[in-house]
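The values are calculated or read from the model by the stated rules, or taken from the named source; none is laboratory data. All values reported here derive from a predicted model rather than from experimental measurement. Positions of Cβ are backbone-derived with ideal geometry, glycine not excepted, and every protein chain shown enters the neighbour counts. The area values use the complete protein model at the heavy-atom level, side chains included, leaving out ligands, DNA and RNA. Shrake-Rupley method; radii C 1.70, N 1.55, O 1.52, S 1.80 Å.
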Amino acid sequence: MSRYKAIDCHGLVLPIMLLISSQALAVEDVATASNMQHHTCNWLIEVKRTNTWLERDQRERIKMGELFLTAKKNGTAVNQEERKAISERMHATDAILQGELEDLVARCGWPTTTEFGDKAPQYAATIVQHASLEFQLKYEPLMRASANANELPKRLWATLDDRIRVRKNLPQRYGTQLKTDGPELTLWPIEDEEHLDERRAEVDMVPVPICAYLGMFDQPIKYKKCEWGAPVTAP
């Protein structure tokens, strides 16, 4: 077993590939089903429901973050019973949201900005980000097609692509995922490092330069191309 542990950088609101034939078939099948079943969509009800997705997805994750921050602030160990309870509620909520997304896609197709507004596509992407690898692989082709059609921010698909690659122990392409290496945090290995910032620009990552992205973290992230000097203190 690897001594490295992957870090999911976008689990909170702070800041692998399938065969091509299977991907094309999945997109075509869902698109066909969507065209046939759009008449089953009650757009008012659908949008009211999808607009709740992010708050429900984040509710227990925020509590988990607060639990760790409190323990760090007080210099105490994390309450493991409370951690377990939060984790169980979080996974239960994830399962419900994944079911709602599957139901929506079956009846209405993958949510697009054109039909649902800005929120639903991004919230749906968040649900996929927090799902199992099997679930992610199922919906990655739809998210990629939606991003290519400008119906979903490309950076959300790119983050999913990185997560899938990490889960398959492959190098990431966009630099969104970290790992622990003993007491240090570092980037998960990068494919074709020389062109990393170019790829980040292609998918509208914010910020584009990888070193600027790493600078957003309070804790230094070890990466050979980014130099950490003396700590910067507020005036």
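By a 1.4 Å probe calculation restricted to protein chains, ARG59 has an accessible surface near 100 Å², given to the nearest 10.
Region 46-140 has equivalent-ellipsoid semi-axes of 30, 14, 10 Å, by the square roots of 5 times the alpha carbon gyration tensor eigenvalues, sorted largest first. Of the cross-linked pairs LYS179/LYS222; LYS73/LYS222; LYS179/LYS224; LYS63/LYS84; LYS72/LYS179; LYS72/LYS225, those separated by over 18 Å at the C-alpha level are LYS73/LYS222; LYS72/LYS179; LYS72/LYS225.
Based on the Stokes-Einstein relation at 37 °C and a viscosity of 0.692 mPa s, and on the Kirkwood radius from alpha carbon pairs, region 137-233 is assigned a translational diffusion coefficient of 230 µm²/s. As a calculated quantity, the FRET efficiency between ARG83 and GLU202 at R0 = 45 Å, using C-beta atoms, amounts to about 0.70.
Please give the per residue accessible area of region 109-228, computed with a probe of 1.4 Å over protein heavy atoms only, in Å². Could the numbers behind the result be given before it?
Details: 5480 Å² over 120 residues.
About 46 Å² of surface per residue is accessible.
Rounded, prolate or oblate: which one fits region 93-170, using the alpha carbon gyration tensor with axes a ≥ b ≥ c (rounded when a/c is under 1.5, else prolate when a/b beats b/c, else oblate)? All intermediate terms of the calculation are to be shown ahead of the outcome.
On the way: a/c = 1.98, a/b = 1.23, b/c = 1.61.
In terms of gyration-tensor shape, oblate.
Approximating the spin labels as points 7 Å out from Cα along Cα→Cβ, the LEU170-to-HIS195 distance works out to 1.6 nm.
To the nearest 0.05, what FRET efficiency results for GLU184 and ALA212 with a Förster distance of 22 Å applied to their C-beta separation? All intermediate terms of the calculation are to be shown ahead of the outcome.
Working: r = 20 Å, r/R0 = 0.91.
That gives a FRET efficiency of 0.65.
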